[in-house]
Amino acid sequence: MIPITRLYVGEEEAAAAAEAVRSGWLSVGPRAGTFEGLVAERVGANHAVSVNSCTTALHLSLVALGIGLGDEVICPSFTFIATPNSIRYSGATPVFAEIDPRTYNIDPAHVETLITERTKAIMPASQIGLPADLAALRKIATKHGLHLVEDAAPAFGATIDGVPLGTISDVTCFSFDARKILTTGEGGVITTNDAEVAAKLRNLRAHAASVSTLARHTSTAVISESYDEVGFNYKMTDIQAAVGIVQMGKLDHVVEVRRALAARYDEMLADHDAVVTPYEPPGYGHVYQSYLVRLRGHRQIDVMNAMAQRGVATRRITACHLEPVYGNGPSATTLPESESLAADHLLLPHFVGLTEQEQDEVVEALITATR
C-alpha cells in the first residue's frame, strides 16, 4: 500500500532525542527555547511559544486574548475538526463560514456577513498548505476590532508575496504532528509580535505558574511559585524540541520536494477531465502539506475504494458543520461550496520520499478509478 504519508526522519533525529534523554532534562527546557528561537527567526516573529499540539495552540491563543463564554469566533467549516473544537474549548461558539471555490480557504466576503456584536475573532485555516487570504481578513478584523487567530497547522514555510506566515495575523498557530511539513511527533508553536500576548501564552501553558520550571530548577536560590489563575498543561517536551531542531534544518528541502511533487501531479493530471488540480494564487507560496484533487462526475467513496483496492491510500477533509457534534448546534447552517467540496475531493499520497514510480502508480489508480 502506498500510504498517504511517510515520516521524513532519520538517525539525526534519533540521536538528538537520545541526547535529550541522556541530558536528564525532558520537560520544557533549553532545547524548547532553542527550537522556539529557530521558528521565530524563520518566520520573522518577535516571539514563538512551543506547546504540545496545534489544537492546544489555538485554544491557548483564544484564552490569552480573553475570548470565552458568550463570544463567537468565525472559522471555516472545511477544515480539520480541531479548528472549531479549539473554539469550543475556550467556551466560545464557532460560527462557520463558506470557502472560496478556487482556493478552498475561508471566503472573506462571507466572513464579513457573519459578524455580530458577539464576534471576537476570525480563525482562518491555511488549508492543505495554502495560506488563506490574510490581507482581506486583516482588513475586516481591523475594521470591526477583531482578533485574527490563524490556524496555519499545515502551512509552516508557506508565504504570501515572499512574507512567511507567522506575523501577518495577531497570532499564528503551527502544527508539527506526524503528517505536517515538519514533525516533532506531536507538538505546535504559536508565533506573535505582541510581547504581552507571548508572556500570557508562556504563563498559561504551564498551569499559570508565576515562575517557570526551568527557572526554578536552575536557580541557586529557593524560588516559590504562585498560581493566580487557572492554566493548562500544554508544554512541549525537550525531546520533541530536539527532534524539531533537526527538522528545522530540513525545511527548505522539504518544501522544495513537496512543490516539485505537486508540479509533477499537476502535469500528469492536466489532461484528465475527471479531476481538478489545486490552484495557487499569484504571489502565494503553497507548501502542499497535502495534494487535493476535486472529482468531476464520480462518487468520492467509490474512487477511494477503487484506489485502495489498487494499493493506494487516500484521505478526505470533512465539512465540520455537517458532523454530528456541530450539525444541530446554534452555528448550523447551509454552506453549498463547503458541502460540495467535502463530498467530491481526495487527498493523494504526498510526502518527501514518494518515488516517481509510486507517484505514477497513484496517478494510474486515480485515472482508472475515474474513467
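The rows are residues; the columns are (1) touching a residue at least 40 places away in the same chain (Cβ under 8 Å); (2) in a strand (DSSP E or B); (3) touching a Gly at 6+ places or on another chain (Cβ under 6 Å).
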{"residue": "62", "(1), (2), (3)": "yes, no, no"}
{"residue": "96", "(1), (2), (3)": "yes, yes, no"}
{"residue": "111", "(1), (2), (3)": "no, no, no"}
{"residue": "116", "(1), (2), (3)": "yes, no, no"}
{"residue": "120", "(1), (2), (3)": "yes, yes, no"}
{"residue": "131", "(1), (2), (3)": "yes, no, no"}
{"residue": "135", "(1), (2), (3)": "no, no, no"}
{"residue": "138", "(1), (2), (3)": "no, no, no"}
{"residue": "142", "(1), (2), (3)": "no, no, no"}
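Of all the listed residues (325, 352), the sole one being at pLDDT below 95 and not assigned by TED's automatic domain parsing to the domain that holds residue 85 is 325.
Checking each residue in the stretch 152-174 for being of a type outside the set (Val, Ile, Thr), within 17 Å of residue 41 (Cα to Cα) and in contact with a helix residue (DSSP H, G or I) (Cβ under 7 Å, 6 or more places away or on another chain) picks out 155, 157, 158, 164, 165, 166, 169, 173, 174. The numbered conditions (1) at pLDDT 95 or above; (2) over 28 Å from residue 364 (Cα atoms); (3) touching a strand residue (DSSP E or B) at 6+ places or on another chain (Cβ under 6 Å) are all true for residue 291 except (2). Scanning the stretch 10-53 for residues that are surrounded by fewer than 17 Cβ atoms within 10 Å (Cβ to Cβ), modelled with pLDDT of 95 or more and not in a helix (DSSP H, G or I) returns 10, 44, 46.
Residue 258 passes every criterion in (1) in the same structural domain as residue 49 (by TED's automatic domain parsing); (2) touching a Phe, Trp or Tyr at 6+ places or on another chain (Cβ under 6 Å); (3) not β-branched (Val, Ile, Thr) apart from (1). For residue 371, the criteria (1) in contact (Cβ under 8 Å) with a residue 60 or more places away in the chain; (2) crowded, with 19+ Cβ neighbours inside 10 Å hold in every case but one, which is (2). Among the residues of the stretch 68-89, those that are surrounded by fewer than 24 Cβ atoms within 10 Å (Cβ to Cβ) and either assigned to a loop (DSSP other than H, G, I, E, B) or of a type in the set (A, V, I, L, M) (or both) comprise 68, 69, 70, 71, 80, 81, 82. Candidates are the residues of the stretch 105-137 that are buried (at least 19 other Cβ atoms within 10 Å of the Cβ) and of a type in the set (D, E, K, R); the one that is nearest to the chain's Cα centre (by Cα) is 133.
Residues are listed down the side, and each one gets a yes or a no for (1) at pLDDT 95 or above; (2) on the phi > 0 side of the Ramachandran plot:
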| residue | (1), (2) |
| --- | --- |
| 198 | yes, no |
| 208 | no, yes |
| 221 | no, no |
| 250 | yes, no |
| 256 | yes, no |
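Pairs are defined by a Cβ separation below 8 Å, a sequence spacing of at least 6 or placement on different chains, a first member in the stretch 268-293 that is under 21 Å from residue 318 (Cβ atoms), and a second member that is among the small types (Gly, Ala, Ser); the pairs so defined are 278/262; 288/129; 288/262; 289/129; 289/155; 290/129; 291/262. Summed over the stretch 331-351, residues that are under 13 Å from residue 3 (Cβ atoms) and out of contact with any strand residue (DSSP E or B) (no Cβ under 7 Å at 6 or more places or on another chain) total 1.
The values are calculated or read from the model by the stated rules, or taken from the named source; none is laboratory data. Because the structure is a prediction, the values reported are computed rather than measured. A quick note on method: Cβ atoms are made from the backbone with ideal geometry, for glycine too, and the neighbour counts reach across all protein chains shown.
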